[in-house]
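> Got a structure for you, written out below as C-alpha coordinates; questions coming shortly.
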Amino acid sequence: MQAGNLKQAASFVKQALEADPEDFKTRIVATRWAVEVRDFDQARQHAAQALKLNSGSPEAILLSGIVAMFLEDFDSAVKHFQALILVSPGDFTATDNLALALCQQDNEADRQLALSYAQLNAQRFPQRPEAAATLGWVLLRLDRVDEAEKVLRGAASASGLSPNA
(Lines give C-alpha, C1' and ligand atoms only; values in the text may rest on other atoms or scores of the structure.)
Protein backbone atom coordinates (compact mmCIF):
# COMPACT_ATOMS: atom_id res chain seq x y z
CA MET A 1 0.00 0.00 0.00
CA GLN A 2 2.77 2.42 0.95
CA ALA A 3 4.51 1.66 -2.33
CA GLY A 4 1.35 2.65 -4.19
CA ASN A 5 0.44 -0.82 -5.39
CA LEU A 6 -3.20 -0.95 -4.34
CA LYS A 7 -3.93 -4.09 -6.32
CA GLN A 8 -1.21 -6.06 -4.55
CA ALA A 9 -2.22 -4.61 -1.18
CA ALA A 10 -5.81 -5.71 -1.80
CA SER A 11 -4.55 -9.18 -2.65
CA PHE A 12 -2.51 -9.38 0.56
CA VAL A 13 -5.46 -8.25 2.69
CA LYS A 14 -7.71 -10.82 1.00
CA GLN A 15 -5.15 -13.60 1.54
CA ALA A 16 -4.71 -12.69 5.19
CA LEU A 17 -8.48 -12.71 5.76
CA GLU A 18 -8.84 -16.07 4.02
CA ALA A 19 -5.97 -17.53 6.05
CA ASP A 20 -7.45 -16.45 9.39
CA PRO A 21 -10.78 -14.64 9.26
CA GLU A 22 -11.01 -14.71 13.07
CA ASP A 23 -7.73 -12.89 13.67
CA PHE A 24 -8.35 -9.57 15.37
CA LYS A 25 -5.22 -7.83 14.07
CA THR A 26 -6.02 -8.90 10.52
CA ARG A 27 -9.49 -7.39 10.84
CA ILE A 28 -7.99 -4.14 12.11
CA VAL A 29 -5.57 -4.00 9.19
CA ALA A 30 -8.40 -4.83 6.77
CA THR A 31 -10.50 -2.04 8.26
CA ARG A 32 -7.66 0.47 7.93
CA TRP A 33 -7.00 -0.66 4.36
CA ALA A 34 -10.68 -0.35 3.41
CA VAL A 35 -10.82 3.16 4.88
CA GLU A 36 -7.65 4.09 2.99
CA VAL A 37 -9.18 2.99 -0.32
CA ARG A 38 -12.49 4.60 0.67
CA ASP A 39 -14.47 1.37 0.61
CA PHE A 40 -16.50 2.26 3.68
CA ASP A 41 -19.05 -0.53 3.37
CA GLN A 42 -16.24 -3.07 3.50
CA ALA A 43 -14.58 -1.10 6.29
CA ARG A 44 -17.80 -1.28 8.30
CA GLN A 45 -17.93 -5.07 7.89
CA HIS A 46 -14.33 -5.52 9.00
CA ALA A 47 -14.73 -3.11 11.92
CA ALA A 48 -17.88 -4.93 13.07
CA GLN A 49 -16.04 -8.24 12.95
CA ALA A 50 -13.10 -6.76 14.86
CA LEU A 51 -15.53 -5.59 17.56
CA LYS A 52 -17.03 -9.07 17.75
CA LEU A 53 -13.55 -10.49 18.26
CA ASN A 54 -12.54 -7.88 20.86
CA SER A 55 -15.41 -5.64 21.98
CA GLY A 56 -13.26 -3.70 24.44
CA SER A 57 -10.48 -2.79 22.03
CA PRO A 58 -10.05 0.99 21.86
CA GLU A 59 -8.67 0.65 18.34
CA ALA A 60 -11.67 -1.35 17.10
CA ILE A 61 -14.11 1.06 18.75
CA LEU A 62 -12.31 4.07 17.27
CA LEU A 63 -12.21 2.59 13.78
CA SER A 64 -15.90 1.68 14.00
CA GLY A 65 -16.71 5.27 14.92
CA ILE A 66 -14.56 6.69 12.16
CA VAL A 67 -16.16 4.42 9.57
CA ALA A 68 -19.61 5.45 10.81
CA MET A 69 -18.60 9.11 10.40
CA PHE A 70 -17.54 8.50 6.78
CA LEU A 71 -20.86 6.77 6.14
CA GLU A 72 -22.66 9.71 7.79
CA ASP A 73 -24.19 7.32 10.32
CA PHE A 74 -23.83 9.86 13.10
CA ASP A 75 -25.99 7.96 15.60
CA SER A 76 -23.65 4.96 15.41
CA ALA A 77 -20.61 7.21 15.48
CA VAL A 78 -21.85 8.85 18.67
CA LYS A 79 -22.35 5.44 20.30
CA HIS A 80 -18.86 4.28 19.35
CA PHE A 81 -17.13 7.45 20.50
CA GLN A 82 -19.08 7.47 23.77
CA ALA A 83 -18.03 3.86 24.32
CA LEU A 84 -14.42 4.78 23.58
CA ILE A 85 -14.49 7.59 26.13
CA LEU A 86 -15.63 5.04 28.71
CA VAL A 87 -12.67 2.80 27.85
CA SER A 88 -10.16 5.63 27.36
CA PRO A 89 -11.25 8.73 29.29
CA GLY A 90 -9.44 11.84 28.15
CA ASP A 91 -8.71 10.45 24.68
CA PHE A 92 -8.40 13.46 22.36
CA THR A 93 -9.50 11.67 19.20
CA ALA A 94 -12.58 10.14 20.83
CA THR A 95 -13.68 13.44 22.34
CA ASP A 96 -13.00 15.39 19.15
CA ASN A 97 -14.89 12.96 16.95
CA LEU A 98 -17.73 12.72 19.46
CA ALA A 99 -18.14 16.50 19.25
CA LEU A 100 -18.17 16.30 15.44
CA ALA A 101 -20.75 13.50 15.42
CA LEU A 102 -22.99 15.18 17.99
CA CYS A 103 -23.02 18.49 16.13
CA GLN A 104 -24.47 16.68 13.10
CA GLN A 105 -27.54 15.67 15.10
CA ASP A 106 -30.81 17.48 14.58
CA ASN A 107 -31.63 18.15 18.19
CA GLU A 108 -30.31 21.18 20.01
CA ALA A 109 -29.37 19.25 23.17
CA ASP A 110 -26.90 17.09 21.21
CA ARG A 111 -25.43 20.16 19.53
CA GLN A 112 -24.96 21.85 22.91
CA LEU A 113 -23.27 18.69 24.20
CA ALA A 114 -21.03 18.81 21.12
CA LEU A 115 -20.08 22.34 22.09
CA SER A 116 -19.17 21.19 25.60
CA TYR A 117 -16.90 18.43 24.27
CA ALA A 118 -15.31 20.75 21.71
CA GLN A 119 -14.65 23.42 24.34
CA LEU A 120 -13.19 20.81 26.69
CA ASN A 121 -10.79 19.56 24.02
CA ALA A 122 -9.81 23.08 22.99
CA GLN A 123 -8.97 23.88 26.62
CA ARG A 124 -7.14 20.62 27.32
CA PHE A 125 -5.26 20.54 24.02
CA PRO A 126 -4.59 24.15 22.98
CA GLN A 127 -1.57 23.06 20.92
CA ARG A 128 -3.74 20.87 18.64
CA PRO A 129 -5.16 22.91 15.75
CA GLU A 130 -7.77 20.25 15.07
CA ALA A 131 -9.28 20.95 18.51
CA ALA A 132 -9.83 24.57 17.53
CA ALA A 133 -11.09 23.51 14.10
CA THR A 134 -13.67 21.25 15.72
CA LEU A 135 -14.72 24.00 18.12
CA GLY A 136 -15.08 26.36 15.17
CA TRP A 137 -17.15 23.85 13.22
CA VAL A 138 -19.46 23.19 16.17
CA LEU A 139 -19.92 26.92 16.67
CA LEU A 140 -20.83 27.28 13.00
CA ARG A 141 -23.37 24.46 13.32
CA LEU A 142 -24.88 26.41 16.23
CA ASP A 143 -25.05 29.54 14.03
CA ARG A 144 -22.54 31.33 16.24
CA VAL A 145 -20.63 32.61 13.22
CA ASP A 146 -18.70 35.46 14.86
CA GLU A 147 -17.36 33.18 17.60
CA ALA A 148 -16.52 30.48 15.05
CA GLU A 149 -14.60 32.95 12.91
CA LYS A 150 -12.62 34.17 15.92
CA VAL A 151 -11.72 30.61 16.97
CA LEU A 152 -10.77 29.56 13.45
CA ARG A 153 -8.70 32.69 12.78
CA GLY A 154 -6.85 32.13 16.06
CA ALA A 155 -6.19 28.51 15.17
CA ALA A 156 -4.98 29.44 11.70
CA SER A 157 -2.62 32.08 13.09
CA ALA A 158 -1.29 29.73 15.77
CA SER A 159 -0.52 27.09 13.17
CA GLY A 160 1.18 29.55 10.82
CA LEU A 161 -1.61 29.60 8.25
CA SER A 162 -2.98 32.74 6.75
CA PRO A 163 -6.71 32.90 7.48
CA ASN A 164 -7.16 35.21 4.50
CA ALA A 165 -5.67 32.80 1.98
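> Would it be correct to say that Leu71 is touching a residue at least 12 places away in the same chain (Cβ under 8 Å), open to solvent by less than 40 Å² (accessible area, probe 1.4 Å) and either more than 14 Å from the chain's Cα centre (by Cα) or within 25 Å of Arg44 (Cβ to Cβ) (or both)?
No; evaluated as a whole, the condition is false for this residue.
> Determine whether region 85-95 contains at least one residue that is farther than 30 Å from Glu22 by Cβ, assigned to a helix (DSSP H, G or I) and open to solvent by less than 20 Å² (accessible area, probe 1.4 Å).
Looking for residues that are farther than 30 Å from Glu22 by Cβ, assigned to a helix (DSSP H, G or I) and open to solvent by less than 20 Å² (accessible area, probe 1.4 Å), one finds at least one in region 85-95, hence yes.
> So if I check each of Ser57, Ser11, which one is surrounded by fewer than 17 Cβ atoms within 10 Å (Cβ to Cβ) and either under 21 Å from Leu98 (Cα atoms) or of a type outside the set (Asp, Glu) (or both)?
Being surrounded by fewer than 17 Cβ atoms within 10 Å (Cβ to Cβ) and either under 21 Å from Leu98 (Cα atoms) or of a type outside the set (Asp, Glu) (or both) holds for just one of Ser57, Ser11, which is Ser11.
> Can you find even one residue in region 114-129 that is of a type in the set (S, T, N, Q), buried (at least 16 other Cβ atoms within 10 Å of the Cβ), at pLDDT 95 or above and within 25 Å of Arg27 (Cα to Cα)?
no
The values are calculated or read from the model by the stated rules, or taken from the named source; none is laboratory data. Since this is a predicted model, take the numbers as computed values, not measurements. When we count neighbours, we look across all protein chains shown, and the Cβ atoms used for this are built from the backbone with ideal geometry, even at glycine. Just the protein is used for accessible areas: all its heavy atoms, side chains included, with ligands, DNA and RNA removed. Shrake-Rupley method; radii C 1.70, N 1.55, O 1.52, S 1.80 Å.
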